[in-house]
1. Looking only at segment 179-187, decide whether some residue is closer than 19 Å to residue 272 by Cα, at pLDDT 95 or above and buried (at least 19 other Cβ atoms within 10 Å of the Cβ).
2. Considering each of 78, 54, 73 in turn, give the residue that is modelled with pLDDT of 95 or more, farther than 29 Å from residue 157 by Cα, touching a Leu at 6+ places or on another chain (Cβ under 9 Å) and outside the structural domain of residue 209 (by TED's automatic domain parsing).
3. State which residue is surrounded by the most Cβ atoms within 10 Å (Cβ to Cβ) when the search covers only segment 130-161 and only residues that are among the charged types (D, E, K, R) and touching a strand residue (DSSP E or B) at 6+ places or on another chain (Cβ under 9 Å).
4. Condition (residue is modelled with pLDDT of 95 or more, buried (at least 16 other Cβ atoms within 10 Å of the Cβ), in contact with a helix residue (DSSP H, G or I) (Cβ under 8 Å, 6 or more places away or on another chain) and over 30 Å from residue 70 (Cα atoms)) applied to segment 236-251: is it met by at least one residue?
5. For the condition among the hydroxyl-bearing types (Ser, Thr, Tyr), crowded, with 20+ Cβ neighbours inside 10 Å and under 30 Å from residue 34 (Cα atoms), what is the one hit in 75, 81, 103?
6. Output the number of residues of segment 260-288 satisfying the condition of being touching a His at 6+ places or on another chain (Cβ under 6 Å) and of a type in the set (Ser, Thr, Tyr).
7. With 97, 125 as the choices, which residue is in contact with a helix residue (DSSP H, G or I) (Cβ under 8 Å, 6 or more places away or on another chain), surrounded by fewer than 23 Cβ atoms within 10 Å (Cβ to Cβ), not small (Gly, Ala, Ser) and not assigned by TED's automatic domain parsing to the domain that holds residue 293?
Amino acid sequence: MSYADDLFSYVRSHHPRSLRGIEEAREVNPAAWHAMAEQFLGWAARIHGDEGWAPRCVDAFARFSTDVILCQARYEDAGHYQNSSYDECNAAVYSQREVMDDYLWGVFLTNFLWSHHMELSLFFRDRFLARLPSTPEMIEIAPGHGGWGVWALSNRPDARLNGFDISPSSMAIANLVAGAAGVSDRATYTLQDALDLGGMAHGSADAVICSFLIEHLEQPERLVEVIAHLLKPGTRAYLTGALTAAQVDHIFEFRRESELVAMCEKYGLRVLETMSVSPRRILPKARFIPRSMGLIVERRDLS
């Protein structure tokens, strides 16, 4: 049996309410989904063992998915996100190691178990990674669980990655995932606030990856400014953000795709391509449609 078969077997017996959503993710592109599932679940099995990966990761995914639905319902009722500051999110999630670890392993599987995230993963692979120059030096801002950057290295064996994250949990898990994927020799992770990267040399990167950080910030423009600073002229970044999509640690409420586009343009980033996707199923009579948006941007040569 494959890891994907084991996943479906475990979900049917332990989390049947999650089954239809995972089937919807597979329907996006069955062949690509299966290949991605085998990779990500294989890495999880190398870390947690053949008997341990499902209880650790799939259970975390089910808890995370349920929490997101509850947060979205509260958002629909209140009209605003639950928290509005880093300090609130730090108290609820980031400072609690067990909570943060569980959160990260849950998010790790959303890359291919949520249909709209599966769409973004393919957009990232086919429209961004495949078009990078040879031997790119990539910087990943806030790698979190490490899945995006490690998957990038798996798809681009000529690339190297430097990741920066403020979370010790993220550092630990990203290093584990890189080791499980066999790319530790090309991935370096440093414990550092991503918004301090403006102190690095101007034009330090051939490519920048930043997935689902911007909505976690009180001042999201600072992140876009950092990305523009890090990119060499003519090079590209992949940026994702959440719009009207509530989570316990989402702070900045983007309501329109144009807000992200305008923010990038303000700092000299040309928006080359975008993709805005939403779950196949949303809350009945929803006022807010939860969306995930991917942007491929290029730094203009301003000289």
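The values are calculated or read from the model by the stated rules, or taken from the named source; none is laboratory data. Everything numeric in this text was worked out from a predicted model, so none of it was measured. Here the Cβ positions follow ideal geometry from the backbone for every residue, glycine too, while neighbour counts run over all protein chains shown.
1. Narrowing segment 179-187 to residues closer than 19 Å to residue 272 by Cα: none.
Among the residues of segment 179-187, not one is closer than 19 Å to residue 272 by Cα, at pLDDT 95 or above and buried (at least 19 other Cβ atoms within 10 Å of the Cβ), which makes the answer no.
2. Details: 78 fails: touching a Leu at 6+ places or on another chain (Cβ under 9 Å); 54 fails: farther than 29 Å from residue 157 by Cα.
Among 78, 54, 73, only 73 is modelled with pLDDT of 95 or more, farther than 29 Å from residue 157 by Cα, touching a Leu at 6+ places or on another chain (Cβ under 9 Å) and outside the structural domain of residue 209 (by TED's automatic domain parsing).
3. Kept after step one, since they are among the charged types (D, E, K, R), are these residues of segment 130-161: 131, 137, 140, 156, 158, 160.
When the remaining residues are screened for being touching a strand residue (DSSP E or B) at 6+ places or on another chain (Cβ under 9 Å), the result is 131, 137, 140, 156, 160.
On the way: 131: 12, 137: 15, 140: 28, 156: 20, 160: 17.
Selected residue: 140.
4. Yes: segment 236-251 contains one or more residues that are modelled with pLDDT of 95 or more, buried (at least 16 other Cβ atoms within 10 Å of the Cβ), in contact with a helix residue (DSSP H, G or I) (Cβ under 8 Å, 6 or more places away or on another chain) and over 30 Å from residue 70 (Cα atoms).
5. Working: 75 fails: under 30 Å from residue 34 (Cα atoms); 81 fails: under 30 Å from residue 34 (Cα atoms).
Testing whether each residue is among the hydroxyl-bearing types (Ser, Thr, Tyr), crowded, with 20+ Cβ neighbours inside 10 Å and under 30 Å from residue 34 (Cα atoms) leaves just 103.
6. Restricting attention to segment 260-288, the residues satisfying the condition of being touching a His at 6+ places or on another chain (Cβ under 6 Å) are 277-279.
Subsequent filtering for residues that are of a type in the set (Ser, Thr, Tyr) retains 278.
Matching residues across segment 260-288 total 1.
7. Values: 125 fails: not assigned by TED's automatic domain parsing to the domain that holds residue 293.
The unique qualifying residue is 97.
Okay, residues lined up against (1) part of a helix (DSSP H, G or I); (2) touching a Leu at 6+ places or on another chain (Cβ under 8 Å):
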residue: 135; (1), (2): no, no
residue: 138; (1), (2): no, yes
residue: 149; (1), (2): yes, yes
residue: 152; (1), (2): yes, yes
residue: 157; (1), (2): no, no
residue: 162; (1), (2): no, no
residue: 178; (1), (2): yes, yes
residue: 188; (1), (2): no, yes
